[in-house]
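A quick write-up on the structure given underneath.
Values quoted throughout were computed directly from the atomic coordinates according to the rules given, and no laboratory measurement underlies them. A quick note: this is a predicted structure, and the numbers were derived from the prediction, not measured. Note that each Cβ is placed from the backbone with ideal geometry, even for glycine, and that neighbours are counted across all protein chains shown.
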Amino acid sequence: MYRYDEFDAAFVAGRTAQFSDQVKRRLSGELSEDQFRPLRLMNGLYLQLHAYMLRIAVPYGTMNSRQMRKLAHIARTYDRGYGHFTTRQNIQFNWPRLKDIPAILEELASVEMHAIQTSGNCIRNVTTDQFAGAAADEILDPRPVAEIIRQWSSLHPEFSYLPRKFKIAITGAPNDRAAIRFHDIGLQAAVNGAGDIGWEVWVGGGLGRTPMVAKLINSFVPHEHLLAYLESILRVYNRYGRRDNKFKARIKILVHEEGLESIKGQVEAEFAEVRGGVLTLPQDELDRISAYFAPPDFADRSGQNVDVAYQSILDPAYGRWLDNNLHPHKQPGYASVTISLKPVGGAPGDATDSQIDVVADLAERYSYDELRVTHEQNLVLPHVAVADLRTVYDVLVANGLAEGNNNQITDMICCPGLDFCALANARSIPIAQEISRKFAAPERQKQIGDLKIKISGCINACGHHHVGHIGILGVEKKGGELYQITLGGDATETASVGKIIGPGFEADQVPGAIEKLVDFYIAQRQGEGESFLAAYRRLGEAPFKEALYGAA
Amino acid sequence: MEILTGNELTSGATVYLDGAGNWIEDLQAARLFAKEEAAERDAALAATKATGRIISLEIEEVSQEDGQVVPRRLRERIRAAGPTAPLTLNGQAYDRQHLGDDGHVSI
């Protein structure tokens, strides 16, 4: 894992001291709220419905056990004993008090963490594949480049006041687990004809009120010129992105309104200017950063396998967990383990301080001191020896973390919604809880197979509803809540935006509506191998609509 | 009828202006402004803003039902009562934020 150098430590310490002083001046009345608000937002501190909310950056979703334990300590000492892991691979605390924020930031700085650029119109925390550096299908580990992007984008003087926020996602694998086509910039590792590794660059993707799939702006940017290319895109966006209308200020609108070719021409012109300059990545610097992400010195565990079918007979719950929550590892005898934060009836993404501590312990003992946060609001132990799986599972069972539902219907993304969020129009968490209770039975979930439900409590789409195979969007109607259902969304390399299928539903009707859609899919699918999404794409919208609403 | 509500600076807790000019947690003790009291309402709002101790100030519509003050908007009902979703991780309700040891503030 990357360790802060002197520059990193100095800028985080400097910012912590600066913001601590600003908090002190706010509490004394020296600063007004109008003066303080932009300052607190630049440090990840929001005011929500009931309290402040502090959003802490987890760079590219990677942490060690020491950092994770610090989050547990903060939850226990300054908050209410739990944290909420988010679709940005970050963690949010929902109940901190303003006077405690300086102490929390000092605690974070002591483990090389902070909350800088988790809000505001700047380049946000870079996100990536939760299995980076471990996945069997990976071309290369994207985290060294993600770390270089973090360094380049942190406190970048030219890009601290962009037209709007800017999100970059990066993956080193052909199977996109980082939703790169729904980010302002998406980067995918690519190999050119000469066998060199570089980056496909996608631009102008996003969710929110105007969902768009990103467009390919360059099919191969060499490693050493990636920063220059990113800077070129940001310069064009900073110059031409709309500042007159907040809702049209993201780069996706610029690309859509101006056209890809026009934007590409501008970017290439800028690139011609900056290419080969100070942003060129020297190989020795790339090597230096990459060394931090070198694979662990894996003990030889080759030849060790787990017979899932046999284990399923002995212990069905363990078998289900093995079946769903493991991901193939590039090192023989190892697997990546997804720890579900989606217990039946739970709030997706929430973990208690003791659970956070337990995961830290497991990471330290069984995963070479590494863990990850996923954009689907789960946790990952990236490097677990197959021989240790049963031990890890037993600890997870004892701590309420062993739900074997990864990628199944109860593994939902869900935003905080109107229970917490000042922007929301409708509640999300109770909808997720009711759906998970309705489909709680493991055999029912297995019958349904891979199905992604994503729930947002407003059009800002923090719950990624546009890319749910089934999406649920809460809206306000006549003072009450109404839920629209979308079908056919997909966040992966076969990206698509879901379509609203018809009139919305009252909250208590939503689980039943989902069940009708699921039952129709099961009745119509061409065998268990055809997923919900594949069946929807084959059959089209009309029969699903009829199944849900009856014949017109 | 209307009430004045906001979040207390230090804790962020939801608070309401009462009849004595204090900012308190209990919605039921909030001062109710009739339509013809708009001037008093606006004066209280301006005075509060000047203190800088209550943020995210809002005027909210309420009605009285069976002797209870009920905000018109669901958002406000949730602000008054706390999150509605049960926190199943530890079996407890989320509960709303409280002023606690930060003490009351008054204008």
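A crude spin-label estimate for the pair A:ASP323 and A:LYS246, with each label 7 Å from Cα along the Cβ direction, gives 4.7 nm. Candidates A:VAL308, A:TYR318, A:THR338 compared by Cα position along the dipole of segment A:308-398: farthest toward the positive end lies A:VAL308, with charges placed on Cβ.
Dipole orientation for segment A:401-448: of the candidates A:SER428, A:PHE439, A:ASN407, A:PHE439 has the Cα lying most toward the positive pole (charges on Cβ; Lys, Arg +1; Asp, Glu -1). Its DSSP H runs of at least 4 residues, each contributing -39,500 (n - 2.57), put the calculated 222 nm mean residue ellipticity of chain A at -11500 deg cm²/dmol, to the nearest 500.
Shielding of peptide B:74-85 by partners, expressed as the average count of other chain Cβ atoms within 10 Å per residue Cβ, is 6. Normalised by the number of residues in chain A, the mean separation of alpha-carbon contacts (under 8 Å, six or more apart) gives a relative contact order of 13 percent. Residues A:HIS73, A:HIS469, ranked from the fewest to the most other C-beta atoms within 10 Å, line up as A:HIS73, A:HIS469. Could you tally the net charge around A:ARG288, taking each other residue with its Cβ under 12 Å from the Cβ of A:ARG288, Lys/Arg +1 and Asp/Glu -1? Spelling it out: positives minus negatives among the neighbours equals -4. Within segment A:43-82, whose backbone N sits under 15 Å from a point 7 Å along Cα→Cβ of A:LYS99? Residues A:78-79 fall inside that zone. Per-residue Cβ neighbour counts within 10 Å put A:SER160, A:SER456, A:SER290 in the sequence A:SER160, A:SER290, A:SER456, beginning with the fewest. Between the residues A:VAL267, A:GLY133, A:ALA291, the greatest Cα displacement towards the positive end of the dipole of chain A, with unit charges on the Cβ of Lys, Arg, Asp and Glu, is found for A:VAL267. Isolated cysteines in the protein assembly as shown, defined as those with no second cysteine Cβ under 4.7 Å, comprise A:CYS122, A:CYS414, A:CYS421, A:CYS458. The overall shape of chain B is oblate: from the C-alpha gyration tensor, with semi-axes ordered a ≥ b ≥ c, the ratio a/c is 1.5 or greater and a/b is no larger than b/c.
Working from Cα pairs under 8 Å separated by at least six residues, relative contact order for segment A:142-291 is 21 percent.
Between A:ILE139 and B:GLU58, the simple spin-label model (points 7 angstrom out along Cα→Cβ) gives 4.8 nm. Determine the sum of side-chain charges near A:ARG80: Lys and Arg each +1, Asp and Glu each -1, restricted to other residues whose C-beta is under 10 angstrom from that of A:ARG80. It works out to a net charge of -2. Note on chain A: with charges restricted to the Cβ of Lys and Arg (+1) and Asp and Glu (-1), its dipole about the Cα centre is near 1800 debye.
Between helix B:38-51 and chain B there is an angle of about 60 degrees, using the helix long axis and the longest principal axis of the Cα atoms. Taking 7 Å steps out from each Cα toward its Cβ at A:ALA269 and A:SER160 produces label points 2.9 nm apart. In a GNM of chain B with a 10 Å cut-off on Cα contacts, which of B:ALA30, B:ALA85, B:ALA13 has the highest mean-square fluctuation? With Cα springs under 10 Å in chain B, the top fluctuation among B:ALA30, B:ALA85, B:ALA13 is at B:ALA85. Ordering B:GLU37, A:GLU6, A:GLU270 by the number of other Cβ atoms within 10 Å of each residue's own Cβ, fewest first, gives A:GLU6, B:GLU37, A:GLU270.
Averaged over peptide A:44-50, the number of partner chain Cβ atoms lying within 10 Å of each residue's Cβ comes to 6.
Per-residue extension of 0.36 nm, minus the Cα-Cα distance of A:ALA440 and A:LEU27, leaves a gain of 143.9 nm for this segment.
Rounded to the nearest 20 debye, the dipole size of segment A:6-109 about its Cα centre is 300 debye, using +1 on the Cβ of Lys and Arg and -1 on the Cβ of Asp and Glu. Peptide B:4-17 shows a mean partner chain C-beta count of 4 within 10 Å per residue C-beta. About the centre of its Cα atoms, segment A:413-549 shows a dipole size close to 80 debye [charges on the beta carbon of Lys, Arg (+1) and Asp, Glu (-1) only; nearest 20 debye]. Long hydrophobic helices in chain A, taken as whole DSSP H segments with a C-alpha length of 20 Å or more on their own axis and mean Kyte-Doolittle hydropathy at least -0.5: A:6-28, A:226-240, A:260-274, A:510-524.
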